[in-house]
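Chemist: This is the structure I have questions about; it appears just below.
The values are calculated or read from the model by the stated rules, or taken from the named source; none is laboratory data. All values derive from a computational prediction rather than experimental measurement. Cβ: placed from backbone, ideal geometry, glycine included. Neighbour counts: every protein chain shown.
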Amino acid sequence: MWRSGWPDFLVKHPTLGFIGVEVKSWSDKIRATQAAMFADLEEAGIKVFVWHPSTPERLIPWRKFLAKRGMAQPDGLPRSTQ
């Protein structure tokens, strides 16, 4: 069972079903263990989003957060299935 890498919250969204929500501060980045877990959750049909203070009014899909912050997609992870 995975222990590290889980999103901070697993919540039931009214239209998307269960989603993961990761909360990041200004300086936080998505770690490799998180990216691997988020990809696994995505593969299982659970979308993962990031809340960041730069856009407090909305959640950002985690792969877009990586791109927006100039963070490389970790090697070996499947590309988005969406």
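Chemist: Would you pick out the residues in segment 21-42 that are of a type outside the set (A, V, I, L, M), touching a residue at least 40 places away in the same chain (Cβ under 8 Å) and either touching a strand residue (DSSP E or B) at 6+ places or on another chain (Cβ under 6 Å) or surrounded by 15 or more Cβ atoms within 10 Å (Cβ to Cβ) (or both)?
Modeler: Matches in segment 21-42: Glu22, Lys24, Glu42.
Chemist: Name the residues in segment 6-28 that are out of contact with any Leu (no Cβ under 9 Å at 6 or more places or on another chain) and within 15 Å of Arg63 (Cβ to Cβ), would you?
Modeler: Glu22, Lys24
Chemist: Could you check segment 2-82 for strands (runs of 3 or more DSSP E) lying wholly inside it with 2 or more residues that are in contact with a helix residue (DSSP H, G or I) (Cβ under 6 Å, 6 or more places away or on another chain) and at pLDDT 90 or above?
Modeler: Where strands (runs of 3 or more DSSP E) fall fully within segment 2-82 and carry at least 2 residues being in contact with a helix residue (DSSP H, G or I) (Cβ under 6 Å, 6 or more places away or on another chain) and at pLDDT 90 or above, they are 47-51.
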